[in-house]
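This report refers to the structure that appears directly beneath it.
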Amino acid sequence: FMTDQAVYVLVFNMEWFLNANDIADCEKYLRFWLNSEVIHTTNKETQECAPIALVGTHADKVSKEHYRGISDRLEQMFRFNPAWANIITYRSEDLCFFPVNNMEGTKDKHVKQLLQSVEQRIQEEWYINEKFAIIWMKCFDLLREKAKTKAFLTFEECQDICCGKPLIEDEETEFTEFLKFAHAKGAVLWHSDDTRLRKLVILDPIKFFVHPATYIICHYGNKGDEVDHRRDVHEKCSKRFVKDWELMTSRGIVTPTLMRNLLDGFKDNYDAIVRMMVRYGLCYPMASNVIAAEDVDAHHRCNMLVPSLLLE
């Protein structure tokens, strides 16, 4: 749910750079998040991604003599990454990252510099001076309050809450613009370009989407593994759909039958959850004619490839 109207902070442990065995994993971790930021926040008009600050923790354990070497190594690793052009640098120290001591919190001078640098960069962004109807703030407040008890609203329910005197009077044009604005600000998730998903205004993405998705994307584990995220529904499906289960855990391919049964606890929103998994690249239809199919439910009838389940 990353948007271009934000400044991002990517945190890493500076101790990783002092251990040759950890550097490769550190680079992989940082590259994943930098690439994610480029993919999801690049503005179509400017072709620039959102600003990002790199923050190295454990300054209480890593001496400042190492900072220059870490900074140079980061630049060597990522100078050709599209995100690098929008890295917020620590100018006074001539570093490409901010070394911080979490033990001191906001008393740490580097944390103070980080906050100041981020605030300054935010003030330079175009959306800070964007004008909008002040009444929209009241609508934001109403939706935040609703989010305490509901993970989503139908389009019509949201319309009833936000429209009418003294709120948004234009239930068509202005209300639609408000939802697009709220989506861009991260206040709600509203996919206006999808005929099915536009019917839902998602107030709590974690509860509505991320939590169900972890029923598919998780570590299923084997005997002796230290990590095993299996729930009761996984045990049930592994015994009931043996071939389908083997296909998923060995090749990352999820059949429609297995997908529906794994998400049985979320069947009221099953269609939206699967469509969002496809939209965000968490799974891919394995039939080439499905992606462009006019039948919006076609992807429910084919196998899905879940990249995160592929064995390394």
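All of GLU156, GLU169 fail the test of being of a type in the set (D, E, K, R), loosely packed, with under 15 Cβ neighbours inside 10 Å and out of contact with any strand residue (DSSP E or B) (no Cβ under 8 Å at 6 or more places or on another chain), apart from GLU156.
Looking across the range 1-47 at every residue that is in contact (Cβ under 8 Å) with a residue 40 or more places away in the chain and assigned to a loop (DSSP other than H, G, I, E, B), the one that is nearest to VAL118 (Cα to Cα) is identified as VAL7.
Before we move on, is ALA151 under 24 Å from the mean Cα position of the chain (by Cα), in contact (Cβ under 8 Å) with a residue 40 or more places away in the chain and open to solvent by 20 Å² or more (accessible area, probe 1.4 Å)?
Numbers: under 24 Å from the mean Cα position of the chain (by Cα): yes; in contact (Cβ under 8 Å) with a residue 40 or more places away in the chain: yes; open to solvent by 20 Å² or more (accessible area, probe 1.4 Å): no.
So ALA151 fails the test.
Listed by first and then second residue, the pairs with beta-carbon distance under 9 Å, at least 6 apart or on different chains, first residue in the range 85-112 and farther than 25 Å from GLU48 by Cβ and small (Gly, Ala, Ser), second in a helix (DSSP H, G or I) and modelled with pLDDT of 90 or more, are GLY105/VAL111. The residue pairs whose first member lies in the range 271-284 and is closer than 14 Å to PRO256 by Cα, whose second member is part of a loop (DSSP other than H, G, I, E, B) and acidic (Asp, Glu), and whose beta carbons are closer than 7 Å, counting only pairs six or more residues apart or on different chains, are ARG275/ASP194.
Residues in the range 64-91 that are surrounded by fewer than 17 Cβ atoms within 10 Å (Cβ to Cβ), under 22 Å from the mean Cα position of the chain (by Cα) and more than 16 Å from CYS26 (Cβ to Cβ): PRO82, ALA85.
Do you know which residues across the range 107-121 are open to solvent by 50 Å² or more (accessible area, probe 1.4 Å) and not charged (D, E, K, R)? Result: GLN113, LEU115, GLN116, GLN120. In summary, THR57 fulfils each of the numbered conditions (1) touching a Cys at 6+ places or on another chain (Cβ under 8 Å); (2) among the β-branched types (Val, Ile, Thr); (3) under 21 Å from LEU114 (Cβ atoms) with the single exception of condition (1).
Mind telling me which of the residues LYS28, LYS61 ends up being of a type in the set (D, E, K, R), open to solvent by 60 Å² or more (accessible area, probe 1.4 Å), over 21 Å from ARG91 (Cα atoms) and out of contact with any Asp or Glu (no Cβ under 8 Å at 6 or more places or on another chain)? Lay out the reasoning, then the answer.
Numbers: LYS61 fails: out of contact with any Asp or Glu (no Cβ under 8 Å at 6 or more places or on another chain).
So the residue among LYS28, LYS61 that is of a type in the set (D, E, K, R), open to solvent by 60 Å² or more (accessible area, probe 1.4 Å), over 21 Å from ARG91 (Cα atoms) and out of contact with any Asp or Glu (no Cβ under 8 Å at 6 or more places or on another chain) is LYS28.
Looking across ASN43, ASN35, ASN13, one residue alone is at negative phi and in contact with a Gly (Cβ under 9 Å, 6 or more places away or on another chain). It is ASN13. Candidates in the range 271-284 are the residues that are assigned to a helix (DSSP H, G or I) and over 18 Å from VAL201 (Cβ atoms); of these, the one that is most open to solvent (accessible area, probe 1.4 Å) is VAL278.
Within the range 175-186, the residues that satisfy the criterion of being surrounded by fewer than 18 Cβ atoms within 10 Å (Cβ to Cβ) and in contact (Cβ under 8 Å) with a residue 24 or more places away in the chain are ALA184, LYS185, GLY186. Open to solvent by less than 30 Å² (accessible area, probe 1.4 Å) and either small (Gly, Ala, Ser) or in contact (Cβ under 8 Å) with a residue 60 or more places away in the chain (or both): is that true of LEU54 in this structure? Judged against the criteria, LEU54 is not a match.
The values are calculated or read from the model by the stated rules, or taken from the named source; none is laboratory data. Quick caveat: nothing in here was measured; it's all calculated off a predicted structure. Using ideal geometry, Cβ is built from the backbone for each residue, glycine included, and neighbour counts are taken over all protein chains shown. Keep in mind that these areas ignore ligands, DNA and RNA; they rest on the heavy atoms of the full protein, side chains included. Shrake-Rupley method; radii C 1.70, N 1.55, O 1.52, S 1.80 Å.
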